[in-house]
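Down below is the structure, laid out as structure tokens.
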Amino acid sequence: MSEHTILDPTLLSLLACPQDKGQLHLVRTGDGAEVLYNPRLRVAYPIDNGIPVLLADEARAADEAEHADFARQFGE
């Protein structure tokens, strides 16, 4: 079952990457999970039960194909 996260747009605009303090983008992975993505560092932060997990240790690297897919989703 696919879980869809609903993040308030105001909250999303206030969230920042803990590593570079830049903007994050809400994107969907290939398996349907939503993550917060930092295209500058190419890292994705998980969302656990609707709560963004913005810990550097929890971030995962995105490969080239996944980065391209994420970039298409937020219009870069």
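The values are calculated or read from the model by the stated rules, or taken from the named source; none is laboratory data. Computed from a predicted structure; not experimentally measured. Cβ coordinates were reconstructed from backbone atoms using ideal geometry, including for glycine residues, and neighbour counts include every protein chain displayed. These accessible areas exclude ligands, DNA and RNA; they are computed on the full protein's heavy atoms, side chains included. Shrake-Rupley method; radii C 1.70, N 1.55, O 1.52, S 1.80 Å.
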Determine the pairs where a residue that is at positive phi, located within segment 39-53, has a partner that is part of a loop (DSSP other than H, G, I, E, B) and open to solvent by less than 30 Å² (accessible area, probe 1.4 Å) with Cβ atoms under 7 Å apart, the partner being 6 or more residues away or on another chain. R42/A62; G50/T5
Is at least one residue of segment 68-75 modelled with pLDDT of 95 or more and touching a Leu at 6+ places or on another chain (Cβ under 9 Å)? yes
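Consider A59 carefully, then state whether it is among the small types (G, A, S) and either touching a Gly at 6+ places or on another chain (Cβ under 9 Å) or crowded, with 16+ Cβ neighbours inside 10 Å (or both). Walk me through how you get there before you give the answer.
On the way: among the small types (G, A, S): yes; either touching a Gly at 6+ places or on another chain (Cβ under 9 Å) or crowded, with 16+ Cβ neighbours inside 10 Å (or both): yes.
Against the criterion (among the small types (G, A, S) and either touching a Gly at 6+ places or on another chain (Cβ under 9 Å) or crowded, with 16+ Cβ neighbours inside 10 Å (or both)), A59 qualifies.
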I'm checking my understanding of the structure. Among residues of segment 8-54 that are over 19 Å from E76 (Cβ atoms), among the aliphatic types (A, V, I, L, M) and out of contact with any strand residue (DSSP E or B) (no Cβ under 6 Å at 6 or more places or on another chain), which one is surrounded by the most Cβ atoms within 10 Å (Cβ to Cβ)? A33
